[in-house]
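The following block contains the structure, expressed as C-alpha coordinates.
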Amino acid sequence: ASFAFMNNDITWASAAELSRLYARKALSPVEVVEANLARAATLQPHLNSFVLVDADGARAAARASEARWQKGEPLSPLDGVPTTIKDTTNLKGFPTRYGSHSTEDTPVAEDAVVTERFRRAGMPILGKSTTPEYGWKALTDSPLQGTTRSPWNLGHSPGGSSGGASSLTAAGVNPFNHGNDGGGSVRIPAAHTGLVGLKPSYGRIAQYPADAPFADVISQGVLARSVLDTALALNATSGYDPRDWRSLPDDPRDYTVGLDDGVRGWRIGLSLDFGHVTADPEVRDLINRAARRFEEVGAHVEDVGPLIEPLQKPFEALWSGGFGVRLRQIPTQLHGKLDPGFRALAEKGLAITLSDYARAYEAKSKLARDMALWHRKYDLLLTPVTPTPPPPVETLYNSEAFPRFTKGAPYTLPFNLTGAPAASMPAGLTKAGLPVGLQMVGPARCDHLVLRAMRAYESALGWTWPQPKVLETLAKL
(Lines give C-alpha, C1' and ligand atoms only; values in the text may rest on other atoms or scores of the structure.)
Protein backbone atom coordinates (compact mmCIF):
# COMPACT_ATOMS: atom_id res chain seq x y z
CA ALA A 1 0.00 0.00 0.00
CA SER A 2 2.95 2.29 0.59
CA PHE A 3 3.37 2.12 -3.18
CA ALA A 4 -0.05 3.56 -3.92
CA PHE A 5 1.89 6.46 -5.45
CA MET A 6 4.00 4.02 -7.48
CA ASN A 7 2.74 5.42 -10.76
CA ASN A 8 2.33 8.89 -9.37
CA ASP A 9 2.87 11.05 -12.44
CA ILE A 10 4.40 13.82 -10.38
CA THR A 11 7.49 11.83 -9.46
CA TRP A 12 7.95 10.42 -12.98
CA ALA A 13 7.46 13.79 -14.68
CA SER A 14 10.44 15.28 -16.50
CA ALA A 15 11.91 18.64 -15.51
CA ALA A 16 10.54 20.11 -18.77
CA GLU A 17 7.03 18.83 -17.93
CA LEU A 18 7.18 20.20 -14.38
CA SER A 19 8.27 23.57 -15.74
CA ARG A 20 5.28 23.69 -18.11
CA LEU A 21 2.88 22.72 -15.30
CA TYR A 22 4.33 25.37 -12.97
CA ALA A 23 3.99 28.02 -15.68
CA ARG A 24 0.30 27.13 -16.15
CA LYS A 25 -0.13 27.12 -12.34
CA ALA A 26 -1.45 23.56 -12.72
CA LEU A 27 1.05 22.28 -10.15
CA SER A 28 3.16 23.73 -7.34
CA PRO A 29 6.80 23.02 -6.47
CA VAL A 30 5.56 22.46 -2.91
CA GLU A 31 3.44 19.47 -4.01
CA VAL A 32 6.33 18.12 -6.08
CA VAL A 33 8.86 18.31 -3.25
CA GLU A 34 6.38 16.58 -0.90
CA ALA A 35 5.85 13.78 -3.43
CA ASN A 36 9.62 13.43 -3.96
CA LEU A 37 10.34 13.30 -0.22
CA ALA A 38 7.61 10.70 0.34
CA ARG A 39 8.90 8.53 -2.50
CA ALA A 40 12.50 8.93 -1.32
CA ALA A 41 11.57 7.82 2.21
CA THR A 42 9.76 4.72 0.92
CA LEU A 43 12.61 3.67 -1.36
CA GLN A 44 15.60 4.51 0.85
CA PRO A 45 15.55 1.25 2.91
CA HIS A 46 15.65 -0.76 -0.35
CA LEU A 47 17.88 1.29 -2.67
CA ASN A 48 20.06 3.20 -0.18
CA SER A 49 20.59 6.11 -2.61
CA PHE A 50 20.69 8.96 -0.08
CA VAL A 51 23.49 9.91 2.30
CA LEU A 52 21.26 12.55 3.86
CA VAL A 53 17.92 14.19 3.16
CA ASP A 54 17.44 17.93 3.76
CA ALA A 55 13.63 17.97 3.94
CA ASP A 56 13.48 21.38 5.64
CA GLY A 57 15.78 23.03 3.11
CA ALA A 58 13.92 21.47 0.16
CA ARG A 59 10.53 22.56 1.52
CA ALA A 60 11.70 26.13 2.14
CA ALA A 61 13.15 26.33 -1.41
CA ALA A 62 9.88 24.94 -2.82
CA ARG A 63 7.80 27.58 -1.00
CA ALA A 64 10.05 30.36 -2.33
CA SER A 65 9.78 28.87 -5.82
CA GLU A 66 5.99 28.64 -5.61
CA ALA A 67 5.83 32.37 -4.76
CA ARG A 68 7.99 33.22 -7.80
CA TRP A 69 5.86 31.15 -10.20
CA GLN A 70 2.69 32.74 -8.74
CA LYS A 71 4.13 36.15 -9.66
CA GLY A 72 5.24 34.85 -13.06
CA GLU A 73 8.87 35.54 -12.19
CA PRO A 74 10.74 32.20 -12.10
CA LEU A 75 14.53 32.34 -11.85
CA SER A 76 14.85 29.82 -14.72
CA PRO A 77 12.78 27.10 -16.44
CA LEU A 78 14.11 24.75 -13.72
CA ASP A 79 12.81 26.87 -10.86
CA GLY A 80 11.12 24.47 -8.42
CA VAL A 81 12.49 21.30 -10.03
CA PRO A 82 14.11 19.24 -7.23
CA THR A 83 17.58 17.69 -7.49
CA THR A 84 20.31 16.19 -5.28
CA ILE A 85 24.09 16.65 -4.95
CA LYS A 86 26.55 13.75 -5.02
CA ASP A 87 28.51 13.39 -1.78
CA THR A 88 31.84 14.20 -3.44
CA THR A 89 30.58 17.75 -3.88
CA ASN A 90 29.88 20.57 -1.42
CA LEU A 91 26.38 21.36 -0.20
CA LYS A 92 26.68 24.27 2.23
CA GLY A 93 25.69 23.43 5.81
CA PHE A 94 26.31 19.68 5.42
CA PRO A 95 29.46 17.56 5.50
CA THR A 96 31.09 16.23 2.31
CA ARG A 97 31.96 12.66 3.29
CA TYR A 98 33.06 10.91 0.04
CA GLY A 99 31.69 7.66 1.49
CA SER A 100 34.68 7.53 3.85
CA HIS A 101 35.30 7.25 7.58
CA SER A 102 38.46 9.26 6.91
CA THR A 103 36.53 12.48 6.21
CA GLU A 104 35.20 15.08 8.67
CA ASP A 105 31.54 15.12 9.61
CA THR A 106 31.63 18.90 10.01
CA PRO A 107 29.37 20.97 7.73
CA VAL A 108 31.14 22.74 4.86
CA ALA A 109 31.05 26.54 4.74
CA GLU A 110 30.34 27.04 1.04
CA ASP A 111 28.59 25.45 -1.93
CA ALA A 112 30.45 23.95 -4.87
CA VAL A 113 30.01 25.98 -8.09
CA VAL A 114 27.59 23.40 -9.53
CA THR A 115 25.49 23.47 -6.32
CA GLU A 116 25.46 27.27 -6.39
CA ARG A 117 24.20 27.20 -9.98
CA PHE A 118 21.37 24.77 -9.20
CA ARG A 119 20.30 27.11 -6.39
CA ARG A 120 20.59 30.15 -8.66
CA ALA A 121 18.20 28.39 -11.05
CA GLY A 122 15.73 28.05 -8.14
CA MET A 123 16.08 24.28 -7.72
CA PRO A 124 15.24 22.77 -4.32
CA ILE A 125 17.97 20.35 -3.16
CA LEU A 126 16.53 17.19 -1.61
CA GLY A 127 19.81 16.01 -0.11
CA LYS A 128 23.07 14.21 -0.96
CA SER A 129 23.47 11.00 -2.95
CA THR A 130 25.80 8.06 -2.35
CA THR A 131 29.24 7.45 -3.85
CA PRO A 132 31.90 4.77 -3.40
CA GLU A 133 34.83 5.85 -1.21
CA TYR A 134 36.46 8.90 -2.85
CA GLY A 135 34.53 8.05 -6.03
CA TRP A 136 37.15 5.37 -6.76
CA LYS A 137 35.07 2.80 -8.63
CA ALA A 138 32.20 2.22 -11.05
CA LEU A 139 30.05 0.51 -8.41
CA THR A 140 28.42 2.29 -5.48
CA ASP A 141 29.13 0.83 -2.07
CA SER A 142 31.27 2.39 0.66
CA PRO A 143 32.45 1.70 4.22
CA LEU A 144 30.46 4.71 5.42
CA GLN A 145 27.17 4.31 3.56
CA GLY A 146 26.89 0.63 2.64
CA THR A 147 25.55 -0.65 -0.69
CA THR A 148 23.38 1.26 -3.17
CA ARG A 149 21.17 -0.91 -5.39
CA SER A 150 19.57 -0.67 -8.82
CA PRO A 151 15.81 -0.16 -9.12
CA TRP A 152 15.97 -2.53 -12.13
CA ASN A 153 17.14 -5.41 -9.96
CA LEU A 154 18.18 -5.07 -6.32
CA GLY A 155 20.90 -7.70 -6.77
CA HIS A 156 22.68 -5.49 -9.29
CA SER A 157 24.68 -2.29 -9.02
CA PRO A 158 23.34 1.01 -10.41
CA GLY A 159 26.96 1.63 -11.48
CA GLY A 160 29.25 4.29 -10.10
CA SER A 161 30.63 6.40 -8.94
CA SER A 162 27.39 8.45 -9.31
CA GLY A 163 25.30 5.40 -8.34
CA GLY A 164 23.12 7.15 -5.78
CA ALA A 165 22.14 9.64 -8.48
CA SER A 166 21.36 6.97 -11.10
CA SER A 167 19.38 4.90 -8.60
CA LEU A 168 17.22 7.93 -7.62
CA THR A 169 16.61 9.01 -11.21
CA ALA A 170 15.72 5.54 -12.52
CA ALA A 171 13.44 4.90 -9.52
CA GLY A 172 11.38 8.02 -10.27
CA VAL A 173 12.24 10.00 -7.16
CA ASN A 174 12.88 13.24 -9.10
CA PRO A 175 13.72 14.22 -12.70
CA PHE A 176 17.53 14.41 -12.67
CA ASN A 177 20.38 14.26 -10.19
CA HIS A 178 23.89 15.68 -10.04
CA GLY A 179 26.81 13.38 -10.77
CA ASN A 180 30.41 13.84 -11.86
CA ASP A 181 32.62 11.86 -14.18
CA GLY A 182 36.39 11.33 -13.87
CA GLY A 183 36.59 7.96 -15.65
CA GLY A 184 32.99 7.16 -16.55
CA SER A 185 31.18 8.06 -13.32
CA VAL A 186 28.17 9.65 -15.06
CA ARG A 187 28.11 7.48 -18.20
CA ILE A 188 28.52 4.08 -16.50
CA PRO A 189 25.69 4.52 -13.97
CA ALA A 190 23.51 5.93 -16.78
CA ALA A 191 24.26 2.82 -18.86
CA HIS A 192 23.54 0.47 -15.96
CA THR A 193 20.16 2.09 -15.22
CA GLY A 194 18.87 2.95 -18.71
CA LEU A 195 19.33 6.69 -18.29
CA VAL A 196 20.68 9.64 -20.28
CA GLY A 197 24.12 10.62 -18.98
CA LEU A 198 26.19 13.37 -20.60
CA LYS A 199 29.75 14.06 -19.49
CA PRO A 200 30.09 17.61 -20.80
CA SER A 201 33.34 18.92 -22.27
CA TYR A 202 36.10 19.34 -19.74
CA GLY A 203 35.81 22.87 -18.32
CA ARG A 204 32.26 23.44 -19.58
CA ILE A 205 30.96 23.52 -15.99
CA ALA A 206 33.38 25.37 -13.73
CA GLN A 207 34.59 23.39 -10.72
CA TYR A 208 35.31 24.79 -7.31
CA PRO A 209 36.53 23.57 -4.93
CA ALA A 210 38.69 21.48 -7.29
CA ASP A 211 38.59 17.76 -6.63
CA ALA A 212 42.37 17.29 -6.47
CA PRO A 213 44.23 15.14 -7.51
CA PHE A 214 41.81 14.40 -10.37
CA ALA A 215 40.76 17.96 -11.15
CA ASP A 216 41.95 17.75 -14.75
CA VAL A 217 39.85 14.76 -15.81
CA ILE A 218 36.56 15.39 -13.98
CA SER A 219 33.42 16.92 -15.47
CA GLN A 220 30.23 17.73 -13.59
CA GLY A 221 26.92 16.58 -15.04
CA VAL A 222 23.53 15.03 -14.33
CA LEU A 223 21.82 11.66 -14.58
CA ALA A 224 18.51 12.28 -16.39
CA ARG A 225 15.66 10.43 -18.11
CA SER A 226 15.53 12.64 -21.22
CA VAL A 227 17.84 14.57 -23.52
CA LEU A 228 15.79 17.77 -23.15
CA ASP A 229 16.22 17.67 -19.35
CA THR A 230 19.95 17.12 -19.86
CA ALA A 231 20.13 20.22 -22.07
CA LEU A 232 18.15 22.28 -19.52
CA ALA A 233 20.56 21.16 -16.78
CA LEU A 234 23.56 22.15 -18.91
CA ASN A 235 22.01 25.59 -19.49
CA ALA A 236 21.70 26.04 -15.72
CA THR A 237 25.18 24.82 -14.79
CA SER A 238 27.60 25.63 -17.63
CA GLY A 239 29.88 28.63 -17.62
CA TYR A 240 33.12 30.20 -16.50
CA ASP A 241 34.06 30.90 -12.87
CA PRO A 242 37.22 32.85 -11.92
CA ARG A 243 37.95 30.32 -9.14
CA ASP A 244 38.50 27.64 -11.80
CA TRP A 245 41.24 28.73 -14.22
CA ARG A 246 40.49 25.70 -16.40
CA SER A 247 36.85 26.60 -16.98
CA LEU A 248 35.87 27.47 -20.56
CA PRO A 249 34.78 30.99 -21.48
CA ASP A 250 31.04 31.65 -21.17
CA ASP A 251 29.07 30.46 -24.18
CA PRO A 252 25.72 32.26 -24.55
CA ARG A 253 24.30 29.16 -26.26
CA ASP A 254 20.91 27.75 -25.19
CA TYR A 255 21.46 23.98 -25.41
CA THR A 256 17.76 23.32 -26.01
CA VAL A 257 17.91 25.24 -29.31
CA GLY A 258 18.74 23.06 -32.32
CA LEU A 259 18.27 19.84 -30.34
CA ASP A 260 15.98 18.49 -33.04
CA ASP A 261 18.16 19.39 -36.02
CA GLY A 262 19.04 15.73 -36.56
CA VAL A 263 22.12 13.98 -37.93
CA ARG A 264 21.26 13.57 -41.60
CA GLY A 265 24.48 13.23 -43.62
CA TRP A 266 26.72 12.82 -40.56
CA ARG A 267 29.68 10.43 -40.76
CA ILE A 268 29.66 8.23 -37.70
CA GLY A 269 32.35 5.75 -36.65
CA LEU A 270 31.49 2.62 -34.67
CA SER A 271 34.15 0.83 -32.62
CA LEU A 272 32.96 -2.20 -30.68
CA ASP A 273 36.31 -3.05 -29.13
CA PHE A 274 38.92 -0.31 -29.89
CA GLY A 275 40.95 -3.28 -31.20
CA HIS A 276 41.46 -4.97 -27.82
CA VAL A 277 38.49 -4.73 -25.43
CA THR A 278 36.51 -7.93 -24.97
CA ALA A 279 32.84 -7.03 -24.62
CA ASP A 280 30.15 -9.58 -23.78
CA PRO A 281 28.52 -10.93 -26.97
CA GLU A 282 25.15 -9.68 -25.70
CA VAL A 283 26.55 -6.17 -25.24
CA ARG A 284 28.15 -6.18 -28.71
CA ASP A 285 24.86 -7.29 -30.24
CA LEU A 286 22.82 -4.56 -28.51
CA ILE A 287 25.37 -1.85 -29.43
CA ASN A 288 25.46 -2.99 -33.04
CA ARG A 289 21.68 -2.78 -33.24
CA ALA A 290 21.58 0.59 -31.47
CA ALA A 291 24.15 2.02 -33.88
CA ARG A 292 21.88 1.10 -36.81
CA ARG A 293 19.30 3.55 -35.43
CA PHE A 294 21.56 6.30 -36.73
CA GLU A 295 21.15 4.95 -40.25
CA GLU A 296 17.36 5.12 -39.81
CA VAL A 297 17.72 8.87 -39.10
CA GLY A 298 19.93 9.52 -42.11
CA ALA A 299 23.52 9.20 -40.87
CA HIS A 300 26.25 7.07 -42.41
CA VAL A 301 27.66 4.55 -39.89
CA GLU A 302 30.86 2.61 -40.51
CA ASP A 303 32.96 0.26 -38.43
CA VAL A 304 36.32 1.91 -37.74
CA GLY A 305 38.21 -1.02 -36.20
CA PRO A 306 41.17 -0.51 -33.82
CA LEU A 307 41.20 3.02 -32.45
CA ILE A 308 42.72 3.41 -28.98
CA GLU A 309 45.64 1.52 -27.44
CA PRO A 310 45.09 -0.41 -24.17
CA LEU A 311 44.93 2.15 -21.35
CA GLN A 312 46.54 0.46 -18.38
CA LYS A 313 50.20 0.86 -19.23
CA PRO A 314 50.14 4.57 -20.16
CA PHE A 315 47.54 5.68 -17.60
CA GLU A 316 47.81 3.50 -14.49
CA ALA A 317 50.19 6.13 -13.05
CA LEU A 318 47.53 8.86 -13.16
CA TRP A 319 44.92 6.67 -11.49
CA SER A 320 46.82 4.87 -8.74
CA GLY A 321 49.20 7.82 -8.34
CA GLY A 322 46.28 10.17 -7.78
CA PHE A 323 44.81 7.91 -5.10
CA GLY A 324 48.29 7.54 -3.58
CA VAL A 325 48.28 11.32 -3.08
CA ARG A 326 44.86 11.00 -1.41
CA LEU A 327 46.15 8.20 0.88
CA ARG A 328 49.05 10.36 2.06
CA GLN A 329 46.50 12.91 3.30
CA ILE A 330 44.69 10.32 5.45
CA PRO A 331 46.07 9.67 8.97
CA THR A 332 47.62 6.18 9.18
CA GLN A 333 45.37 5.16 12.07
CA LEU A 334 42.35 5.50 9.75
CA HIS A 335 43.76 3.30 6.95
CA GLY A 336 42.14 0.21 8.50
CA LYS A 337 38.69 1.77 8.00
CA LEU A 338 39.15 2.28 4.24
CA ASP A 339 37.52 0.17 1.52
CA PRO A 340 40.14 -2.62 1.08
CA GLY A 341 40.02 -2.27 -2.72
CA PHE A 342 40.61 1.47 -2.54
CA ARG A 343 43.39 1.02 0.00
CA ALA A 344 45.22 -1.59 -2.12
CA LEU A 345 45.04 0.68 -5.17
CA ALA A 346 46.20 3.75 -3.25
CA GLU A 347 49.10 1.88 -1.61
CA LYS A 348 50.22 0.76 -5.08
CA GLY A 349 50.07 4.43 -6.05
CA LEU A 350 52.64 5.38 -3.41
CA ALA A 351 55.33 3.83 -5.62
CA ILE A 352 54.51 5.93 -8.70
CA THR A 353 57.44 8.17 -9.65
CA LEU A 354 57.33 11.66 -11.04
CA SER A 355 58.61 10.43 -14.40
CA ASP A 356 55.82 7.79 -14.56
CA TYR A 357 53.36 10.59 -13.94
CA ALA A 358 54.95 12.88 -16.53
CA ARG A 359 54.91 10.10 -19.15
CA ALA A 360 51.21 9.51 -18.48
CA TYR A 361 50.62 13.23 -19.03
CA GLU A 362 52.40 13.06 -22.35
CA ALA A 363 50.28 10.05 -23.36
CA LYS A 364 47.17 12.04 -22.41
CA SER A 365 48.15 14.88 -24.78
CA LYS A 366 48.85 12.40 -27.56
CA LEU A 367 45.49 10.69 -27.12
CA ALA A 368 43.67 14.05 -27.28
CA ARG A 369 45.60 14.95 -30.44
CA ASP A 370 44.90 11.56 -32.08
CA MET A 371 41.17 11.87 -31.38
CA ALA A 372 41.03 15.49 -32.57
CA LEU A 373 42.55 14.38 -35.89
CA TRP A 374 40.17 11.39 -36.08
CA HIS A 375 37.20 13.75 -35.68
CA ARG A 376 38.25 15.70 -38.79
CA LYS A 377 36.80 12.75 -40.68
CA TYR A 378 33.99 11.69 -38.33
CA ASP A 379 31.27 13.73 -36.62
CA LEU A 380 30.65 11.16 -33.89
CA LEU A 381 32.10 8.01 -32.38
CA LEU A 382 29.88 5.19 -31.10
CA THR A 383 31.10 2.53 -28.65
CA PRO A 384 29.66 0.47 -25.80
CA VAL A 385 29.74 2.27 -22.42
CA THR A 386 30.95 -0.86 -20.61
CA PRO A 387 32.04 -4.33 -21.75
CA THR A 388 29.53 -6.02 -19.40
CA PRO A 389 25.90 -5.62 -18.34
CA PRO A 390 25.35 -4.17 -14.82
CA PRO A 391 27.44 -6.28 -12.42
CA PRO A 392 26.06 -7.89 -9.25
CA VAL A 393 26.41 -5.67 -6.14
CA GLU A 394 28.98 -8.09 -4.60
CA THR A 395 31.44 -7.55 -7.47
CA LEU A 396 34.96 -6.73 -6.26
CA TYR A 397 36.01 -3.84 -8.47
CA ASN A 398 39.56 -3.92 -9.83
CA SER A 399 39.95 -7.54 -8.71
CA GLU A 400 41.22 -10.23 -11.08
CA ALA A 401 37.61 -11.00 -11.93
CA PHE A 402 36.75 -7.35 -12.65
CA PRO A 403 39.82 -5.28 -13.59
CA ARG A 404 39.23 -1.58 -14.07
CA PHE A 405 41.11 -1.20 -17.34
CA THR A 406 39.48 -4.15 -19.14
CA LYS A 407 36.06 -4.64 -17.48
CA GLY A 408 35.41 -1.36 -15.66
CA ALA A 409 36.14 1.72 -17.72
CA PRO A 410 38.03 0.84 -20.94
CA TYR A 411 35.47 2.65 -23.13
CA THR A 412 34.78 5.69 -20.95
CA LEU A 413 38.17 6.70 -19.51
CA PRO A 414 39.74 7.78 -22.83
CA PHE A 415 37.31 10.70 -23.05
CA ASN A 416 38.10 11.93 -19.56
CA LEU A 417 41.72 12.00 -20.69
CA THR A 418 40.88 13.93 -23.89
CA GLY A 419 38.16 16.06 -22.25
CA ALA A 420 35.78 15.48 -25.18
CA PRO A 421 32.01 15.52 -24.58
CA ALA A 422 30.67 11.96 -24.28
CA ALA A 423 27.31 10.52 -23.31
CA SER A 424 25.47 7.30 -22.56
CA MET A 425 22.07 6.49 -24.05
CA PRO A 426 20.00 3.31 -23.50
CA ALA A 427 20.81 0.57 -26.04
CA GLY A 428 18.18 -1.91 -24.85
CA LEU A 429 17.98 -4.78 -22.36
CA THR A 430 19.85 -8.05 -21.97
CA LYS A 431 17.94 -11.34 -21.82
CA ALA A 432 18.10 -10.99 -18.03
CA GLY A 433 16.27 -7.65 -18.33
CA LEU A 434 19.21 -5.38 -17.46
CA PRO A 435 20.02 -2.16 -19.37
CA VAL A 436 23.07 -1.63 -21.59
CA GLY A 437 24.37 1.78 -22.69
CA LEU A 438 25.55 3.14 -26.04
CA GLN A 439 28.34 5.73 -25.79
CA MET A 440 28.40 8.75 -28.11
CA VAL A 441 31.57 10.83 -28.29
CA GLY A 442 31.82 14.17 -30.07
CA PRO A 443 34.70 16.44 -31.10
CA ALA A 444 36.33 18.55 -28.38
CA ARG A 445 34.02 21.22 -26.92
CA CYS A 446 31.11 20.34 -29.22
CA ASP A 447 28.55 19.57 -26.50
CA HIS A 448 25.72 20.89 -28.65
CA LEU A 449 26.51 18.34 -31.38
CA VAL A 450 26.57 15.44 -28.94
CA LEU A 451 23.21 16.59 -27.52
CA ARG A 452 21.81 16.75 -31.05
CA ALA A 453 22.98 13.19 -31.76
CA MET A 454 21.54 12.03 -28.43
CA ARG A 455 18.19 13.61 -29.30
CA ALA A 456 18.10 12.13 -32.83
CA TYR A 457 18.81 8.70 -31.37
CA GLU A 458 16.27 9.18 -28.55
CA SER A 459 13.51 10.04 -31.03
CA ALA A 460 14.29 6.90 -33.08
CA LEU A 461 14.47 4.71 -29.97
CA GLY A 462 11.15 5.44 -28.27
CA TRP A 463 12.46 4.55 -24.79
CA THR A 464 10.06 5.98 -22.22
CA TRP A 465 9.83 6.23 -18.44
CA PRO A 466 8.70 4.69 -16.19
CA GLN A 467 10.25 1.50 -17.60
CA PRO A 468 7.98 -1.55 -17.01
CA LYS A 469 10.84 -3.65 -15.59
CA VAL A 470 11.58 -0.99 -12.95
CA LEU A 471 7.90 -0.74 -11.96
CA GLU A 472 7.82 -4.51 -11.65
CA THR A 473 10.86 -4.58 -9.35
CA LEU A 474 9.65 -1.70 -7.19
CA ALA A 475 6.12 -3.13 -6.91
CA LYS A 476 7.60 -6.16 -5.09
CA LEU A 477 9.25 -4.07 -2.35
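The values are calculated or read from the model by the stated rules, or taken from the named source; none is laboratory data. These numbers were taken from a predicted model, which means no experiment stands behind them. Cβ atoms come from the backbone with ideal geometry, glycine included; neighbour counts cover every protein chain shown. Note: areas computed on protein heavy atoms with side chains; ligands, DNA, RNA excluded. Shrake-Rupley method; radii C 1.70, N 1.55, O 1.52, S 1.80 Å.
Which value, in debye to the nearest 20, gives the size of the charge dipole of the chain about its Cα centre, when Lys and Arg are +1 and Asp and Glu are -1 at the Cβ?
180
Taking all protein chains in place and a 1.4 Å probe, what share, in percent, of the accessible surface of the range 399-477 do carbon and sulfur account for?
Carbon with sulfur: 55 percent of the solvent-accessible area.
In cubic angstrom, how much convex hull volume per residue do the alpha carbon atoms of the range 230-350 span?
Convex hull of Cα atoms, per residue: 210 Å³.
Search the structure for amide H atoms under 5 Å from the amide H of residue 129, placed 1.01 Å from N in the peptide plane, and list their residues when 5 or more places away or on another chain.
Residues meeting the criterion, in which the H sits 1.01 Å from N, are 51, 85, 86, 87.
Out of all DSSP beta bridges with both ends in the chain, state the antiparallel percent to the nearest 5.
Counting only bridges with both partners in the chain, antiparallel ones make up about 75 percent.
Once neighbouring chains are kept in place and the probe is 1.4 Å, which whole percent of the accessible area of the range 172-217 is contributed by carbon and sulfur? Kindly include the intermediate steps, with their values, before the conclusion.
Numbers: 370 of 620 Å².
Carbon plus sulfur share of accessible area: 59 percent.
Counting only DSSP beta bridges with both residues in the range 175-329, what percent are antiparallel, rounded to the nearest 5? Please list the in-between numbers first.
Values: 8 of 13 bridges.
Antiparallel: roughly 60 percent of the beta bridges in the range 175-329.
Further, regarding this structure: Can you give the accessible area per residue of the chain, in Å², using a 1.4 Å probe?
38
Continuing with this model, one more query. Computing the accessible area with a 1.4 Å probe over protein heavy atoms, can you report the carbon and sulfur percentage for the range 67-166? All intermediate terms of the calculation are to be shown ahead of the outcome.
Values: 1380 of 2910 Å².
Solvent-exposed carbon and sulfur of the range 67-166 make up 47 percent of the total.
In Å and from the alpha-carbon atoms only, list the Rg and Dmax of the range 179-283.
15.8, 47
I've got another one for you. Checking the cross-link filter: which lysines have an alpha carbon closer than 21 Å to that of residue 337, excluding same-chain neighbours under 8 positions apart?
Excluding near neighbours in sequence, the set is 137, 348.
Given the peptides 379-385, 306-312, arrange them by the average over their residues of other C-beta atoms within 10 Å, most packed first.
So the peptides 379-385, 306-312, ranked by packing, come out 379-385, 306-312.
Follow-up question, since we're still on this one. Relative contact order for the range 401-452 using alpha-carbon pairs under 8 Å, separation at least 6, rounded to a whole percent?
30
Using a cut-off of 21 Å between alpha-carbon atoms, which lysines can reach residue 431, once sequence neighbours fewer than 8 places away in the same chain are excluded?
Within the straight-line limit of under 21 Å, residue 431 reaches these lysines: 407, 469, 476.
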